[in-house]
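Colleague: Please see the structure below; I have some questions.
The values are calculated or read from the model by the stated rules, or taken from the named source; none is laboratory data. Everything numeric here is computed off the predicted structure, so don't read it as measured data. Glycine gets a Cβ as well: all are built from the backbone with ideal geometry, and neighbour counts include every protein chain shown. Heavy atoms of the whole protein, side chains included, go into the accessibility calculation; ligands, DNA and RNA do not. Shrake-Rupley method; radii C 1.70, N 1.55, O 1.52, S 1.80 Å.
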Amino acid sequence: MNHDLDIKKLRNHCYRQSKVPGEFMLQMRAPGGVIEARYLSLVQHIADTWGNGLFHLGMRQTLSIPGIKYEDIPAVNRYIKQYIQEIEVDLCGVDMEVTEEGYPAIGARNIMACIGNIHCIKANINTTALARKLERVIYPSPYHIKISVAGCPNDCAKGHFNDFGIIGLAKTEYDYDRCIGCKKCIEACAKHATGVLSMENGKIVKDTCCCVGCGECALVCPTGAWTRNPTKFYRVLIGGRTGKQTPRMGKLFLNWVTEEVVLRVIKNWEDFSAEVLEHKPVYLHGGHLIDRAGYNRFKEMILKGVQLNPEAMVAQRILWTETEYRSNFNVRPVNGVRAEG
Amino acid sequence: MGYSLSYGRMNEILKELQQNYRVYAPRRWAGRGRYSDTDLIRYGEIAAVEEVVHDEKSDFSPKEIIFPITQPLFYFTEDEYRESRVDDQGLLIFARPCDINGIRRLDTMFLKNGDSEDSYYRRLRDKARFVLMECGTGWDTCFCVSMGSNRTSDYSLAVRFLPDHLLVEVRDEAFKRYFSQEREVEFTPEFVTSNPRTVRLPEIDSSGLLRKVYDLEMWKEYNSRCQSCGACTAACITCSCFTTSDLIYNENARVGERRRVWASCLHEDFTAMAGGLGFRATPGERLRFRTLHKVYDYKARFKEEQMCVGCGRCDDRCPEFISFATIINRLSDEVERLKKEASQEVAGQ
Ligand code: SF4
Ligand code: SF4
Ligand code: SF4
Ligand code: SF4
Ligand code: SF4
């Protein structure tokens, strides 16, 4: 094989280096993790024709095809042109030119999402639709960003471990006259959420401070006394990450914001990254960028030009808690003596 | 007498009617359904006939108009009280045959059950008139034909919604004057004559059999399935249970109101009494109570008809997919089996 391969360039086209010399794994985007099932035959064709016959359900919901030989990459790129056109441009409305060079960038990673309200009974939003709208905002930016969208605060999408975790909220509204005082909502809120409901004179009162917007009260209410406000609201978490040095869970940045706010905030990410990275789109988790800039500067830049809706809440400060693998001061050897390294 | 009229004309008549009536119909509350991006269809006052959701079954029945979910009965101070008032506007309610038949069951429960009438029910019920809505082919959970409640003649007006006009039958003389300008046509409403769902009613004809029915294994299965949420009873046109309580406005004074609020026999505390005693401890027992009330007790007591009208809303609303129609059929099979066993025992003796 040709041992002179530009690994970085290939990675930017979404081909990941294999331990087998000259082999690569193609990661095809599927924003929000939902595509028409017919595309699977295309995946199979690539895997059987150019790959090693295997298919990996990518950790970020990419369609990943390992074992593609370096010399076959041009053929694969020609073959996926139509897929890129149909998913990125036709479906998501991404503003990009589709060429025979394959994917133009890997910086903005595939947007993950749980199945959301196209299926899930707990969901408060259409995660697929939002992921596609976000794809239009972030792709094909060379700046790294990891977003995950969850349909409800259960966060099956693990938004807590992404640069941005976006969680759908239900603002439930109470109709005093429809309530029969059965306490089902109180029980549901205490069991699934934060226990902010209580009974007063046979009716329900809510401590709005800590309602997490899960919608369980509306799900359980037998009379429709609790219903969802049809406007969708969102929580935005920031700075979550995995990694070898300092993995940490994301923290609450915005609460009860509208979709418009979410889209505008994400749009500002590129400018923020460019400033922090001095216009060099290198791979660094979003959390590190926020750390470098400081939360206040991050907040200022990311909310630039954003018209917050009246219900919106913004974090005044962030108290990060990370697992710090460099110092390891919380772990001690079992026998009290550190083994010689 | 039938009339054909445009939606525009019907809305003008609606305006006239609203001088004397509050007009209620199943309406769409967009995005307020149980699940995200689903709608809630329930009764509310309408401003135009286009608002009437006539091609879907409503989630809730019209009973809440004459039997409000929360109803103040009277207000009291330490030494006197005043009854709550209702205005003198009539109530004109768009309803389906099963619901109109269901309201006859409510009449029985509130007006013919024991010595005295329930005056708080009576004062709203007397004001109610119905606009019958046709059901087309009905819906997959309906079993009104099995319950004999697919037809009714107890309505003032009947309406068929066509894409660009309406057909209206005026049955009640009092409503004739509103339609005097309209084009006369032949129109009488059609009723569904078959449902996809057929229900066989149990024939429980002895107290010995009833006791065996109480102990059937089938009820236990629902202990793990039924969540005791009460959604089935809230949706039911014929459930009439309520609790009465006093609301004291100020902890330091004896001023307040007595009100009644719907109750559900599926809820754990329905039979709760002082001292923590309750009759029906498990969901299965509560579901058994409800089943027998709907397809046995009521008829045993009032003779003419079963309580359940087969509207199927309990099946539509149950988040656990417990089908009441299936329960009735299972019960009927069990009753047949018990009868057969009993007759074999007799024969074998
Ligand atoms: S996060 Fe919520 S909406 Fe999404 S799959 Fe989990 S429970 Fe359903
Ligand atoms: S579940 Fe609904 S009806 Fe029951 S207490 Fe809560 S709000 Fe009232
Ligand atoms: S939406 Fe709020 S009030 Fe309702 S169950 Fe969830 S946390 Fe409780
Ligand atoms: S028991 Fe079910 S089918 Fe029968 S009247 Fe009530 S809601 Fe309708
Ligand atoms: S709606 Fe279903 S789960 Fe809820 S109480 Fe009725 S039967 Fe049980």
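Colleague: Output the residues of region B:6-33 meeting this criterion: accessible area (heavy atoms, 1.4 Å probe) in the chain alone minus accessible area with all protein chains in place is 30 Å² or greater.
Modeller: B:G31, B:R32
Colleague: Per residue of A:273-281, how many C-beta atoms from partner chains lie within 10 Å of its own C-beta, taken as a mean? The partial results should precede the final answer.
Modeller: Working: counts 0, 0, 0, 0, 0, 0, 0, 0, 0.
Per residue, the average neighbour count from other chains is 0.
Colleague: At a 1.4 Å probe radius, which order do B:E186, A:E200, B:E304, B:E268 fall into by accessible area, largest first?
Modeller: Numbers: B:E186 180, A:E200 115, B:E304 155, B:E268 95 Å².
Solvent-accessible surface, decreasing: B:E186, B:E304, A:E200, B:E268.
Colleague: Give the percent of DSSP beta bridges with both residues in region B:95-249 that are antiparallel, rounded to the nearest 5.
Modeller: Values: 5 of 9 bridges.
Roughly 55 percent of the DSSP beta bridges within region B:95-249 come out antiparallel.
Colleague: Whole-Hz ³J(HN,Hα) for each residue in region B:291-307, computed from phi via Karplus 6.51 cos²θ - 1.76 cosθ + 1.60 with θ = phi - 60°, x for glycine and proline: what do you get?
Modeller: These are the phi-based 3J(HN,Hα) values: 4, 5, 5, 6, 10, 8, 4, 4, 5, 4, 8, 9, 6, 4, 8, 6, 6 Hz.
Colleague: Which percent of Cα pairs goes in each bin when the distances of region A:7-91 are cut into 10 angstrom slices starting at zero?
Modeller: Final binned percentages: 18, 56, 24, 2.
Colleague: Just to verify a number: FRET efficiency for A:K8 and A:A37, C-beta to C-beta distance, R0 = 41 Å, to 0.05? Can you show the working numbers first?
Modeller: Working: r = 34 Å, r/R0 = 0.83.
Here the calculated transfer efficiency is 0.75.
Colleague: Can you tell me which of A:V236, A:V257, A:V282 moves the most in a GNM of chain A? Springs connect C-alpha atoms under 10 Å apart.
Modeller: Result for chain A, Cα springs under 10 Å: A:V282 fluctuates most.
Colleague: Roughly how much of A:T323 is accessible, in Å² to the nearest 10, using a 1.4 Å probe?
Modeller: So the heavy atoms of A:T323 present about 70 Å² to solvent.
Colleague: What are the residues of region B:49-81 that lose 30 Å² or more of accessible area, with a 1.4 Å probe, going from their chain alone to all protein chains?
Modeller: B:F60, B:I69, B:T70
Colleague: Can I get the semi-axes of region A:172-228's equivalent ellipsoid? Compute them from the C-alpha gyration tensor as square roots of 5 times the eigenvalues, in angstrom, largest first. Numbers along the way, then the final one.
Modeller: On the way: eigenvalues 46, 28, 21 Å².
The answer is 15, 12, 10 Å, longest axis first.
Colleague: Still on this model: At 1.4 Å probe size, with no ligands or nucleic acids counted, give the accessible surface of B:I248 in Å², nearest ten.
Modeller: 70
Colleague: Can you show me the helix-derived [θ] at 222 nm for chain B, built from DSSP H runs with n ≥ 4 at -39,500 (n - 2.57) apiece and divided by the number of residues, rounded to the nearest 500. Write down the numbers at each step before the final one.
Modeller: Working: 12 runs with 107 residues, N = 349.
For chain B, the value works out to -8500 deg cm²/dmol.
Colleague: Would you rank A:C210, B:C229 by solvent-accessible area, highest first, keeping every protein chain in place and using a 1.4 Å probe?
Modeller: Working: A:C210 60, B:C229 20 Å².
Greatest to least solvent exposure: A:C210, B:C229.
Colleague: Tell me the volume per residue, in Å³, of the convex hull enclosing the alpha carbons of region A:212-274. Write down the numbers at each step before the final one.
Modeller: Details: hull volume 6.3 nm³, N = 63.
Residue-normalised Cα hull volume stands at 100 Å³.
Colleague: Loop only per DSSP, at most 16 neighbouring Cβ atoms within 10 Å: give me the trypsin sites (Lys or Arg not before Pro) in region B:281-333, ordered by residue number.
Modeller: Details: sites: B:R286, B:R288, B:R290, B:K294, B:K299, B:R301, B:K303, B:R313, B:R317, B:R330; in loops: B:K303.
In loop regions of region B:281-333 (DSSP not H, G, I, E or B), the sparsely surrounded trypsin sites (Lys or Arg not before Pro) are B:K303.
Colleague: Same structure again: Can you give me the three principal axis dimensions of chain B from its C-alpha atoms, in Å, biggest first?
Modeller: If we take the Cα atoms of chain B, the spans are 76, 60, 45 Å.
Colleague: Another question about this same structure. Give me the compactness ratio for region B:218-303, meaning the Cα radius of gyration over 2.2 N^0.38 Å.
Modeller: Details: Rg = 15.9 Å, N = 86, 2.2 N^0.38 = 12.0 Å.
Relative to the 2.2 N^0.38 Å estimate, region B:218-303 comes out at 1.33.
Colleague: Could I ask something else about it? I'm checking a number: the convex hull volume of the Cα atoms of region B:135-245, normalised per residue, in Å³. What is it? Please report the intermediate quantities before stating the final value.
Modeller: Working: hull volume 27.1 nm³, N = 111.
Per-residue hull volume (Cα only) is 244 Å³.
Colleague: Something else: In nm, what is the difference between 0.36 nm times the number of residues separating A:H45 and A:V331 and their Cα-Cα distance? Show your work: numbers first, answer last.
Modeller: On the way: separation 286, 0.36 × 286 = 102.96 nm, distance 4.92 nm.
Net length gain for the segment: 98.0 nm.
Colleague: Continuing with this model, one more query. For every helix of n ≥ 4 consecutive DSSP H residues, a contribution of -39,500 (n - 2.57) applies; sum these over chain A, divide by its total residues, and give [θ] at 222 nm rounded to the nearest 500 deg cm²/dmol. Mind dumping the intermediate values first?
Modeller: Numbers: 10 runs with 88 residues, N = 341.
About -7000 deg cm²/dmol.
Colleague: Give me the angle, in degrees from 0 to 90, between the Cα long axis of helix B:97-111 and the longest principal axis of the Cα atoms of chain B, rounded to the nearest 10.
Modeller: 70
Colleague: For region B:93-162, what does the accessible surface come to per residue with a 1.4 Å probe? Please give it in Å².
Modeller: Numbers: 2520 Å² over 70 residues.
On a per-residue basis, 36 Å².
Colleague: Turning to a different aspect of this structure: Only sites in a loop by DSSP and with at most 16 other Cβ atoms within 10 Å count here; which GluC sites (Glu not before Pro) in region A:94-167 make the cut? Spell out each step's value before the answer.
Modeller: On the way: sites: A:E97, A:E100, A:E101, A:E135; in loops: A:E97, A:E100, A:E101.
Loop-located and lightly packed - A:E97, A:E100, A:E101.
Colleague: Return an integer: the convex hull volume of the alpha-carbon atoms of chain A, in Å³ per residue.
Modeller: Working: hull volume 65.3 nm³, N = 341.
Measuring per residue, one finds 191 Å³ for the Cα hull of chain A.
Colleague: Here is a follow-up. Taking every eigenvalue of the Cα gyration tensor of region B:19-174, multiplying by 5 and rooting it, what semi-axes result, largest first, whole Å?
Modeller: Those come to 29, 19, 17 Å.
Colleague: Follow-up question, since we're still on this one. Top mean-square fluctuation among A:A150, A:A129, A:A315, Gaussian network model of chain A, C-alpha springs under 10 Å?
Modeller: Largest GNM mean-square fluctuation: A:A315.
Colleague: Follow-up question, since we're still on this one. If I take the Cα coordinates of region B:113-196 and project them onto the principal axes, what are the three extents in Å, biggest first?
Modeller: Its Cα atoms span 48, 40, 17 Å along the three principal axes.
Colleague: Name the residues of region A:164-182, by number, that are at least 40 Å² less accessible with every protein chain in place than in the isolated chain; the surface is that of heavy atoms, probe 1.4 Å, without ligands or nucleic acids.
Modeller: Those are A:D177, A:R178, A:I180, which lose 40 Å² or more relative to the chain on its own.
Colleague: Determine the percent antiparallel among the DSSP beta bridges restricted to the protein assembly as shown, to the nearest 5. If you can, show how the numbers build up before the last one.
Modeller: Working: 65 of 84 bridges.
Once the DSSP bridges in the protein assembly as shown are tallied, antiparallel ones form about 75 percent.
Colleague: Another question about this same structure. Just the C-alpha atoms of region B:14-75: what Rg/Rh do they give, with Rh taken as the Kirkwood radius?
Modeller: Values: Rg = 13.6 Å, Rh = 13.1 Å.
Ratio value, two decimals: 1.04.
Colleague: Find the Cα radius of gyration of the protein assembly as shown, compare it with 2.2 N^0.38 Å by division, and give the number to two decimals. Can you show the working numbers first?
Modeller: On the way: Rg = 32.2 Å, N = 690, 2.2 N^0.38 = 26.4 Å.
Taking the Cα Rg and dividing by 2.2 N^0.38 Å, one obtains 1.22.
Colleague: In Å², and per residue, what accessible area does chain A have when probed at 1.4 Å with the other protein chains present? Please list the in-between numbers first.
Modeller: On the way: 16760 Å² over 341 residues.
Result: 49 Å² of accessible area for each residue.
Colleague: Report the A-B buried area as the accessible area lost on both sides summed, probe 1.4 Å, in Å² to the nearest 100. Working shown, then result.
Modeller: Values: alone 17850 and 17740 Å², together 33400 Å².
Looking at A and B, the buried total is near 2200 Å².
Colleague: Which percent of the accessible area of region A:172-228 is formed by carbon and sulfur heavy atoms (probe 1.4 angstrom)? Provide the component values of the computation, followed by the final result.
Modeller: Working: 1200 of 2340 Å².
Taking all protein chains in place, region A:172-228 shows 52 percent carbon and sulfur surface.
Colleague: Something else about it: At a 1.4 Å probe, what is the % contribution of carbon and sulfur to the accessible area of region B:131-267?
Modeller: Working: 3160 of 6960 Å².
Exposed carbon and sulfur together represent 45 percent of the surface.
Colleague: Bin width 10 Å, origin at 0, all Cα-Cα pairs of region A:15-61: what percent of pairs per bin?
Modeller: In order of increasing distance, the bins hold 23, 56, 20, 2 percent.
Colleague: Would you mind computing the Rg to Rh ratio of region A:277-339 from its alpha-carbon coordinates, Kirkwood style for Rh? Write down the numbers at each step before the final one.
Modeller: Working: Rg = 18.5 Å, Rh = 15.6 Å.
Using Cα coordinates only, the ratio equals 1.19.
Colleague: Show A:L319, A:L303, B:L91 ordered by accessible area, largest first, where the area counts protein heavy atoms only and the probe is 1.4 Å.
Modeller: Values: A:L319 125, A:L303 35, B:L91 10 Å².
Putting A:L319, A:L303, B:L91 in descending order of accessible area: A:L319, A:L303, B:L91.
Colleague: Could you give the longest part of chain B that holds none of the chymotrypsin sites (Phe, Trp or Tyr not before Pro) found in DSSP loops with at most 14 neighbouring Cβ atoms within 10 Å?
Modeller: Working: sites that count: B:Y249, B:F279, B:F321.
Result, exposed sites excluded: B:1-248.
Colleague: Across chain A, where is the longest run that never hits trypsin sites (Lys or Arg not before Pro) in a DSSP loop with at most 15 other C-beta atoms within 10 Å? Write out the running numbers ahead of the final one.
Modeller: Numbers: sites that count: A:K19, A:R38, A:K244, A:K304, A:R317, A:R326, A:R338.
Free of exposed loop sites, the longest segment is A:39-243.
Colleague: Restrict the search to region B:11-69; then list the GluC sites (Glu not before Pro) that DSSP places in a loop and that have at most 11 other Cβ atoms within 10 Å of their Cβ. Please list the in-between numbers first.
Modeller: Working: sites: B:E12, B:E16, B:E45, B:E50, B:E51, B:E56, B:E64; in loops: B:E56.
Answer by residue number: B:E56.
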